[in-house]
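Report on the following structure.
The values are calculated or read from the model by the stated rules, or taken from the named source; none is laboratory data. Everything quoted here is computed from the prediction, not taken from an experiment. Don't worry about glycine lacking a Cβ; one is built from the backbone with ideal geometry, like all the others, and counts go over all protein chains shown. Surface accessibility is based on the protein's heavy atoms, side chains included, excluding ligands, DNA and RNA. Shrake-Rupley method; radii C 1.70, N 1.55, O 1.52, S 1.80 Å.
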Amino acid sequence: MLQFEVDKEYPRPQFYRQSWMSLNGVWEFRFDDESEGERAGWHKDVPGDRRIIVPFTYETKASGIGEEKFHPVVWYERDLEIPGEWIGKRIRLNFQASDYLTKVWVNGTAVGRHEGGYTAFSFDITEALREEGANKLTVRVEDSNSCNIPRGKQRWVPENFGCWYVQTTGIWQSVWLEAV
């Protein structure tokens with residue numbers, strides 16, 4: 001029987017890869033209630049006004065923000081460096097979950113978008129990366145109070161009621177890179 005040890009932090013142990021890097025932790029963060037960020041070029045440089053701990057949504061205290069008010073658009077940004085041993089490999093950016101419409105840029109270049117709040121997704125970001133030095137990863141997430149999108153038991157009004165609880169907006173599960 002083949003056995004190997006899986007890193008306890010790796011988000012999907014059934015698909016374990018040795019060359020991976022967690023992107024969980026502190027990111028720059030910004031609310032965009034007027035949805036002005038794309039027009040203003042925030043995908044090139046988010047004028048962050050606070051920090052958030054990913055993978056917790058801004059609504060949770062664990063995020064470092066803990067604000068339950070609904071914000072329709074949120075932005076995340078962080079720098080990352082690709083390890084030298086990854087050069088020449090394809091680099092995949094993985095999200096275990098983000099709610100609801102997620103758009104991603106690397107160094108100002110659009111690398112993908114995903115719609116949905118409960119499924120994992122990934123993008124090959126190799127072509128947008130610089131081999132040396134810092135790379136800028138930017139994420140925009142748009143959510144809605146609409147009952148026409150899947151929402152589980154997330155409320156669509158300002159206050160919790162019955163079995164409906166505070167919404168979950170943005171990145172809410174692990175984010176990581178893999179070299180393949």
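For Glu5, the criteria (1) exposed (fewer than 12 other Cβ atoms within 10 Å of the Cβ); (2) in contact with a strand residue (DSSP E or B) (Cβ under 6 Å, 6 or more places away or on another chain); (3) modelled with pLDDT under 90 hold in every case but one, which is (2). Residue pairs whose Cβ atoms lie under 7 Å apart, separated by 6 or more positions or on different chains, with the first residue in the range 23-49 and open to solvent by less than 40 Å² (accessible area, probe 1.4 Å) and the second of a type in the set (Asp, Glu) and at pLDDT 95 or above, are Trp27/Glu77; Val46/Glu28; Val46/Glu77; Gly48/Glu28; Gly48/Glu77.
Within the range 57-97, the set of residues being within 24 Å of Lys44 (Cβ to Cβ), at pLDDT below 95, surrounded by 15 or more Cβ atoms within 10 Å (Cβ to Cβ) and not hydrophobic (A, V, I, L, M, F, W, C) comprises Tyr58, His71, Pro72. A count restricted to the range 109-120 and to residues that are in contact (Cβ under 8 Å) with a residue 24 or more places away in the chain and open to solvent by 20 Å² or more (accessible area, probe 1.4 Å) stands at 3.
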